Amino acid sequence: MVFWISILVSGLFACFAIKKGFYEMWTLGFNIIISVYLAVLLGPVVSGIIPTGAAGYKTLTVLATAVACFLILHGISYTFITGQFIIPFPRIVDLVGAGLLGFLAGFLVWSFVSLLIMTTPITKNTFVKEIGFDTEVQQTNISYVSWWCNTVNKIVSSEDGKRTTQQAIGWLLKSSEPKAEGRVAGTSEPNKPAEPNESKPNTIEE
């Protein structure tokens with residue numbers, strides 16, 4: 001079901017992009033990519049500045065970073081680019097090109113949202129897992145977010161960028177990992193119940 005939701009969201013973005021045109025959609029898609037990249041990479045940094053043990057604080061930190069970055073970038077791009085200049089493109093480019101950009105941007109947004117949902121306690125619910133919010137099923141969305149982040153890293157960062165992206169996503173996914181139960185403190189061995197004393201049969205000495 002989650003797969004079809006992603007296709008639906010991507011299709012809606014594609015329809016929106018066709019109405020906007022290739023020029024505006026290119027700018028919007030760029031802002032979305034950079035916002036997701038900054039949210040994933042800056043998530044551990046921001047959460048370290050405001051340490052808290054509240055449930056879901058990692059998810060809220062990354063989400064807030066993404067929204068803030070997008071609003072800033074969109075405001076800048078509208079003020080200096082899309083709000084000042086209009087670059088016309090052929091009709092076929094506005095239809096096919098903008099639609100393709102919109103579809104890719106929509107899939108990125110949904111993949112990012114799915115990644116955040118994976119870090120919330122709601123994924124412990126059986127029904128939520130059955131509809132597709134499971135780590136194994138969500139590998140496509142996680143890989144898609146990682147690919148875009150790694151692509152940006154290749155342009156703006158060093159060769160260690162890919163490892164940094166994997167570390168950031170791994171840090172975020174640790175929020176959804178269940179805590180180990182029934183283990184002895186300070187060890188990795190499970191706490192085994194004490195075995196009852198074996199009673200020996202009474203024997204009569206002759």
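Every number here is computed from the coordinates shown, using simple stated rules; none is lab data. Computed from a prediction, not measured in an experiment: that's the story for all the values here. Note that we place each Cβ from the backbone using ideal geometry, even for glycine, and neighbour counts take in every protein chain shown.
What to note about this one:
- Here the 3J(HN,Hα) profile of the range 6-13, calculated from phi with Karplus coefficients 6.51, -1.76 and 1.60 at θ = phi - 60°, is 5, 5, 5, 4, 5, x, 5, 5 Hz, Gly and Pro shown as x.
- Protection proxy ranking, highest mean first, for peptides 138-151, 23-36: 23-36, 138-151, where packing is the per-residue count of other beta-carbon atoms within 10 Å, averaged.
- For the range 2-176, the spread of Cα positions along each principal axis, largest first, Å: 50, 36, 29
- Distance cut-off 17 Å, percentage of C-alpha pairs in the range 35-124 lying past it: 63
- Here the gap between W4 and V156, fully extended at 0.36 nm per residue and compared with their Cα-Cα distance, gives a gain of 51.4 nm.
- Estimated FRET transfer efficiency when R0 is 41 angstrom, pair E130-A64 (beta carbons, to 0.05): 0.85
- Rg/Rh ratio calculated on Cα atoms of the range 86-128 (Kirkwood radius): 1.33
- Residues F13, F89 arranged by fewest to most Cβ contacts within 10 Å: F89, F13
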